[in-house]
Amino acid sequence: MHVDLTGPPQTMLATLYAKALDADARKPILNDRYAKAAVARLDYDWIATSITARRAPSVTIRTAHFDNWTRQFLAVHEQATVLHVGCGLDARIYRLNPGPGVRWLDIDYPEVIELRRQVYPDRDNYRMVSASVTDPDWVADVPADRPTLLLGEGLTMYLTEADGLSLLRRVVDRFPCGELQFDAFNTFGIRIQVVNSVVRRSGSTLRWGIDRPADILEAVPGTRLLAWESVFDSETFDRVAPAARWTGRAMAKLPALRMMAQYHRYAF
């Protein structure tokens, strides 16, 4: 299938390709056959993403981590709403296959959602929402009748601080209870973005750095910290890349490096 891929963010294509390469690995992390099928259907020069089989785990480790956290949330809340913001071409709803009591929304720019509709099937209790994640209107249209998970993987660093905090406050204010789950770069990670080849080649700009949970707890009333950890300290990272634990230990001596990429989880 030839589709115009000049509109959607190029970082989205890089993460999709990483998951497709992982599906063919000897020991896959995600084994995401949906991603592999999507790549096969799209006519694109995937080499331009700079993603290789060796680099793919840097993406799939993060995705596996949020798959695990999402499973944990849904195991407690069989009746729930999931707001997957900045979803890109991630196939999480198909990988996790949530039960009939879960209302799932994938939210992203119109050109991204248009592409999703061409490569992924529809299913019950599932909506693809064409909107900027910072637009307040789509949040106001979601029924506030269930515990709600806001999941933003690979998103916060591309938002401004004002837009990111407004999104979090909007969700906390509207829904009765739930969780906020997202990853972030710290200020140092934002400053050295020029060395990130995927970001550099995509022409994207990283904007918002989060250095500590207090940045969120103080700015978003009603939140409570559940987990905050370095990517290098996470159970998922250690499980799938045990040889890299030495990297994490070395980086622990320099907190700015160790916490350059973080996972955040808050209850509200």
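Nothing in this text is a laboratory measurement; each read-out follows from the coordinates by a stated rule. Remember, predicted model here, so these are calculated numbers, not experimental data. Methodologically, a virtual Cβ is constructed for each residue, glycine included, from the backbone with ideal geometry; neighbour enumeration extends over all protein chains shown.
Some values worked out for this structure:
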{"read-out": "Label-point separation in nm, residue 191 to residue 235, each point 7 Å along Cα→Cβ", "value": "3.4 nm"}
{"read-out": "Estimated D of the chain in µm² per second, where Rh is the Kirkwood radius over Cα pairs and Stokes-Einstein applies at 4 °C, 1.567 mPa s", "value": "69 µm²/s"}
{"read-out": "Separation of alpha-carbon centers, region 128-143 and region 43-76, rounded to whole Å", "value": "24 Å"}
{"read-out": "Residue-wise HN-Hα coupling along region 142-151, computed from phi with Karplus coefficients 6.51, -1.76, 1.60 (Hz; x: Gly, Pro)", "value": "8, x, 9, 10, 9, x, 10, 10, 9, 10"}
{"read-out": "The chain: DSSP helices with Cα axial extent of at least 27 Å and average Kyte-Doolittle hydropathy no lower than -1.0", "value": "57-76"}
{"read-out": "Separation of the residue 41 and residue 140 label points, Cα + 7 Å toward Cβ, nm", "value": "3.4 nm"}
{"read-out": "Residue-averaged [θ]222 nm for the chain, counting only DSSP H segments that reach four residues, each worth -39500 (n - 2.57)", "value": "-11000 deg cm²/dmol"}
{"read-out": "Spacing of the two label points (7 Å from each Cα toward its C-beta) at residue 25 and residue 169, in nm", "value": "4.0 nm"}
{"read-out": "Estimated D of region 9-52 in µm² per second, where Rh is the Kirkwood radius over Cα pairs and Stokes-Einstein applies at 4 °C, 1.567 mPa s", "value": "125 µm²/s"}
